[in-house]
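Asker: Take a look at this one; I'll ask things after.
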Amino acid sequence: MIVSLFGVLSLKAQVAFKGGTNALDAFIGNHIVYPEYSRQNCIGAVIKVAFKVDQKGNVSNVNVQQGLGIDLDDEAVRVVKLTSGQWLVPANYNTGNTIILPINFALDYSRCQTAETNRDQAITAYKNRQALEDAITNYYKNKYEGKADPAKEPDILRLKQQLGFDDTFISDLLDEANAKLQQGDKEGACHDWTFIRNIGSDKADTYLARYCK
């Protein structure tokens, strides 16, 4: 059975967030770390996330039920995972139910760098850039292991410039990671710090050594 928290369904034997809907809205709003690519490209959306809740209120099987296939999807999943343990579960609740929760990413237009009319182009560009990201991260992973071909590094540096992997980007990503750490999401922070390292920067190495052993 699929249950929408905001659908017209009976509330009998259904889970509820501790403190109610307003508390859930506040929790999500306080924990969203707006992804940098979508922020810069003025991409806002409602991402629907599916998950299950066990009798202890812990969430599992968290995945995107309806999204854009970009960084907003990843952040929506991350935030829903953070709600684990915050759900009230009736004794007769069917833990096999799948819950659908919409996560709203509302843009701060004062921080956008791209016209909203280019939103679809930006989404397509995000999906197309994955292969280029992989080329960069694979190169530096090999470099750390002494397996990279130094002759290829100029091409990798050009790819980094093309994707905007510069000091400003890294600084913004560090801010995102630190915000996640302050929320208690060490896994999310370590993911960001590892990405920074894997695009050839040492600016996250101190954090990796301290938190991500």
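Asker: Could you state the per residue volume, in Å³, of the convex hull enclosing the Cα atoms of the stretch 129-211? If you can, show how the numbers build up before the last one.
Answerer: Values: hull volume 7.5 nm³, N = 83.
Taking the convex hull of the Cα positions in the stretch 129-211, it is 91 Å³ per residue.
Asker: Let me ask something else about it. Report, as a whole number in µm² per second, the diffusion coefficient that Stokes-Einstein gives for the chain at 4 °C and 1.567 mPa s using the Kirkwood radius over alpha carbon pairs.
Answerer: Numbers: Rh = 19.1 Å.
Reported coefficient: 68 µm²/s.
Asker: If each DSSP helix of 4+ residues adds -39,500 (n - 2.57) and the sum is divided by the residues in the chain, what number results at 222 nm, nearest 500 deg cm²/dmol? All intermediate terms of the calculation are to be shown ahead of the outcome.
Answerer: Working: 9 runs with 100 residues, N = 213.
Taking each H run of at least 4 residues, the total per residue is -14500 deg cm²/dmol.
Asker: Would you mind calculating the gained length between ILE100 and GLN55 on full extension (0.36 nm times residue separation, minus the Cα-Cα distance), in nm to one decimal?
Answerer: Values: separation 45, 0.36 × 45 = 16.20 nm, distance 1.75 nm.
Here the segment from ILE100 to GLN55 would lengthen by 14.4 nm.
Asker: Would you mind counting up the charge near ASP155? Only other residues with Cβ under 15 Å from its Cβ, with Lys and Arg at +1 and Asp and Glu at -1. Walk me through the intermediate numbers first.
Answerer: Details: positive: LYS143, LYS152, ARG158, LYS160; negative: GLU133, ASP134, ASP149, GLU153.
Net of charged neighbours comes to 0.
Asker: What pairs in LYS147/LYS203; LYS143/LYS203; LYS127/LYS152; LYS160/LYS203; LYS141/LYS186 have C-alpha atoms more than 20 Å from each other? Display every interim value, and only then the final one.
Answerer: Numbers: LYS147/LYS203 22 Å; LYS143/LYS203 17 Å; LYS127/LYS152 24 Å; LYS160/LYS203 16 Å; LYS141/LYS186 22 Å.
Cα-Cα > 20 Å for LYS147/LYS203; LYS127/LYS152; LYS141/LYS186; rest within.
Asker: For the pair ASP202 and GLN162, how long in nm is the line joining their label points, each one 7 Å along Cα→Cβ?
Answerer: The modelled label-to-label distance comes out at 2.8 nm.
Asker: Moving on to the next point. Any idea how far apart GLU145 and HIS191 come out in nm if each label point goes 7 Å out from Cα toward Cβ?
Answerer: 2.3 nm
Asker: Moving on. If you add up the charges near ILE136, with Lys and Arg at +1 and Asp and Glu at -1, over every other residue whose beta carbon is less than 12 angstrom from its beta carbon, what do you get? All intermediate terms of the calculation are to be shown ahead of the outcome.
Answerer: On the way: positive: ARG129, LYS141, LYS143, LYS152, ARG158, LYS160, ARG197; negative: GLU133, ASP134, GLU153, ASP155.
Combined, the nearby Lys, Arg, Asp and Glu give +3.
Asker: Using alpha-carbon pairs under 8 Å, 6+ residues apart, how would you state the relative contact order of the stretch 30-102 in percent? Working shown, then result.
Answerer: On the way: 112 pairs, mean separation 28.7, N = 73.
Averaging sequence separation for qualifying contacts and normalising by length gives 39 percent for the stretch 30-102.
Asker: Strictly greater than 19 Å: what percent of every Cα pair in the stretch 2-111 meets that?
Answerer: 43 percent
Each reported figure results from applying straightforward, stated rules to the coordinates on display, with no laboratory input. Just so we're clear, the structure is a prediction, and the values are computed from it rather than from any experiment. Cβ sites come from the backbone with ideal geometry, for glycine too, and all protein chains shown count toward neighbours.
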